[in-house]
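One structure below.
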Number of protein chains: 2
Amino acid sequence: MTTETAGPKTTEHDHRYVHGYSEREALRLGDQADTLARLLHADTAYPAGSRVLEAGCGVGAQTVHLLAGSPGVLLTAADLSADSLAQARARVAAEAPGAQVSWHHGDLHELPFPDGSFDHVFVCFVLEHLAAPVAALAALRRVLRPGGTITVIEGDHGSALFHPESPAAHRVIGHLVRLQAGAGGDALIGRRLHPLLTAAGFAEPVVRPRTVYADAGRPGLAEGFTRRTFVAMVEAVRADALAAGLATAEEFDRGVADLRRTAGPGGTFHYTFFKAVAVNP
Amino acid sequence: MTTETAGPKTTEHDHRYVHGYSEREALRLGDQADTLARLLHADTAYPAGSRVLEAGCGVGAQTVHLLAGSPGVLLTAADLSADSLAQARARVAAEAPGAQVSWHHGDLHELPFPDGSFDHVFVCFVLEHLAAPVAALAALRRVLRPGGTITVIEGDHGSALFHPESPAAHRVIGHLVRLQAGAGGDALIGRRLHPLLTAAGFAEPVVRPRTVYADAGRPGLAEGFTRRTFVAMVEAVRADALAAGLATAEEFDRGVADLRRTAGPGGTFHYTFFKAVAVNP
């Protein structure tokens, strides 16, 4: 129950770009989760009765998929934001009404649970916001029983690849990466899951990339992922990027327009998520 | 039977960087094919008796996998280089001795076969070298029967993503991209397969990315793909990059050293190939 966030410190002043705090962001994350659910979650299924911790559940966008894939688990969902937790609770009540979920408001670095309290830990789109991801993973390992697994899912903005090619589009993605780094996070963290898990004392990490690829033959994905997820995420930092002097409004808007074109006729867009599973030895 | 290559013109002077022309390159391509065979080829299986054209078979690195996955096809393997064809022939004789293969020495833009001669066309790591890939695809469509399929596999160097991050490493990859562009090719072509096939008149193109990902948990892939395939390919352009003034020897070697480190302890490397299947309407 601390006021420390699981991401960068969320003062009124500097938390604006962090995912999941506005209504529009909540909608965006919900869209993303629905579009990506199968890609990211299809191979996660914990046995009924398992004690599972979702660390950093946010607004519950992933929680409902976790519960759908693992009916009967005893889930503890933790987040630093009381507002996010309330949204997650409402979402789970609506979409997974029979689920057994304990909601915990607090910092994942300082969870009040005894050692080995959980059979499995699940962390999705959280490490990217942390200044010290290895310390966070070590704190999660403490509450995981020996032999239990941790599953980590993160994106990596360096994987964004598109046609038509556009330096302006790459620059706006770079602004997002820089703002997230300035807030203590790392939008390029997907590629580091193996060394991070190893450094935190986990054994046998197995990392598998999950690629989203959209072209004219997949208009739903071009709209649902390229535009409504990825481009929307970039657009969400517009004010911060301008305030930080990273781009003029014209430059920023040109980059976003070029990114949008990759979801149009003749365009393609490619992005890779990384999913890792490791064991607490 | 022309002297025009399926890639950039191969005069004595400017063909040095083109894949597949030296013994070392032939070895490298063989390694790559073995490591990647399942990833790239497992879902290609033509019925026995099908008339299949492999356009640009090179030294036969992919030909043997094509034959292994589709026993009993009637294969025509074409390449512009007589030397490469001879190597391909020897490789097939050794690895697929019962295969029925017609070897054709000539330009894929001007194949002497009647319209609709083939049930399937297969093109792997060829379009990246062509100045006019749409024209080449249209020429291949001519010899494909209506309802027949074309399968195209290409890489995209823009997908190279690694840890530790290194601007010097990205720069040497950029030199390779620039040299290939200077020779009329496109090392970033993977992302364009859908619009290229559409422009050439093919219907229903379905493109699926195939990601190679290597980390400390996959030492064979780190060695076989990251070092012996990707880094070796970059190293092969060293002399040309220096001659073109793109880098000093020190800069180039630092970039290569940084790339090699991504296959070492704590390193990761990610690369995406694109595989497309489309129909001749």
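The values are calculated or read from the model by the stated rules, or taken from the named source; none is laboratory data. Keep in mind it's a predicted model, so treat the numbers as computed, not measured. Counting neighbours? That spans all protein chains shown, and the Cβs are built from the backbone with ideal geometry, glycine included. To get the accessible areas, we keep the full protein, side chains included, count just its heavy atoms, and leave off ligands, DNA and RNA. Shrake-Rupley method; radii C 1.70, N 1.55, O 1.52, S 1.80 Å.
Mind telling me which of the residues B:Glu204, B:Glu165 ends up being surrounded by fewer than 22 Cβ atoms within 10 Å (Cβ to Cβ), among the acidic types (Asp, Glu), within 14 Å of another protein chain (Cβ to nearest Cβ) and under 30 Å from B:Arg145 (Cβ atoms)?
B:Glu204
Would you confirm, using the coordinates I've provided, whether B:Phe269 is more than 14 Å from chain A (Cβ to nearest Cβ) and crowded, with 22+ Cβ neighbours inside 10 Å? Break it down stepwise before answering.
Working: more than 14 Å from chain A (Cβ to nearest Cβ): no; crowded, with 22+ Cβ neighbours inside 10 Å: yes.
It is false that B:Phe269 is more than 14 Å from chain A (Cβ to nearest Cβ) and crowded, with 22+ Cβ neighbours inside 10 Å.
Quick one: in segment A:172-196, which of the residues that are over 16 Å from the mean Cα position of the chain (by Cα) and β-branched (Val, Ile, Thr) is nearest to B:Thr262 (Cα to Cα)?
In this case the residue turns out to be A:Ile173.
Is there a residue in segment A:220-230 that is hydrophobic (A, V, I, L, M, F, W, C), within 30 Å of A:Arg260 (Cβ to Cβ), in a helix (DSSP H, G or I) and free of Cβ contacts under 8 Å to residues at least 24 places away in the same chain?
No: zero hits.
Which is assigned to a helix (DSSP H, G or I), out of contact with any strand residue (DSSP E or B) (no Cβ under 6 Å at 6 or more places or on another chain) and within 11 Å of chain A (Cβ to nearest Cβ), of B:Leu196, B:Leu242, B:Leu188?
Working: B:Leu242 fails: within 11 Å of chain A (Cβ to nearest Cβ); B:Leu188 fails: assigned to a helix (DSSP H, G or I).
Only one candidate passes the filter, namely B:Leu196.
Determine whether segment B:81-101 contains at least one residue that is among the polar types (S, T, N, Q), modelled with pLDDT of 95 or more, in a strand (DSSP E or B) and buried (at least 21 other Cβ atoms within 10 Å of the Cβ).
No: segment B:81-101 contains no residue that is among the polar types (S, T, N, Q), modelled with pLDDT of 95 or more, in a strand (DSSP E or B) and buried (at least 21 other Cβ atoms within 10 Å of the Cβ).
May I ask you to say which residue of B:Pro205, B:Pro164, B:Pro146 is in contact (Cβ under 8 Å) with a residue 12 or more places away in the chain and farther than 17 Å from B:Pro281 by Cα? Break it down stepwise before answering.
Details: B:Pro205 fails: farther than 17 Å from B:Pro281 by Cα; B:Pro146 fails: farther than 17 Å from B:Pro281 by Cα.
The conditions single out B:Pro164.
So the check is Cβ under 7 Å with 6+ separation or different chains; which pairs have a first residue in segment B:114-139 that's farther than 15 Å from B:Leu197 by Cβ and a second one that's open to solvent by 30 Å² or more (accessible area, probe 1.4 Å) and assigned to a helix (DSSP H, G or I)?
B:Asp115/B:Arg142
Does segment A:13-31 contain at least one residue that is at pLDDT below 50, over 17 Å from A:Met233 (Cβ atoms) and either part of a helix (DSSP H, G or I) or open to solvent by 40 Å² or more (accessible area, probe 1.4 Å) (or both)?
Yes, there is a match, as at least one residue in segment A:13-31 is at pLDDT below 50, over 17 Å from A:Met233 (Cβ atoms) and either part of a helix (DSSP H, G or I) or open to solvent by 40 Å² or more (accessible area, probe 1.4 Å) (or both).
Which one is farthest from A:Tyr271 (Cα to Cα) among residues in segment A:215-241 that are at pLDDT 95 or above and among the small types (Gly, Ala, Ser)?
A:Ala239
Within the bounds of segment B:151-158, is there any residue that is within 12 Å of chain A (Cβ to nearest Cβ), acidic (Asp, Glu) and buried (at least 22 other Cβ atoms within 10 Å of the Cβ)?
yes
Hey, among the residues in segment B:207-219 that are among the charged types (D, E, K, R) and within 8 Å of chain A (Cβ to nearest Cβ), which one's farthest from B:Arg261 (Cα to Cα)?
B:Arg208
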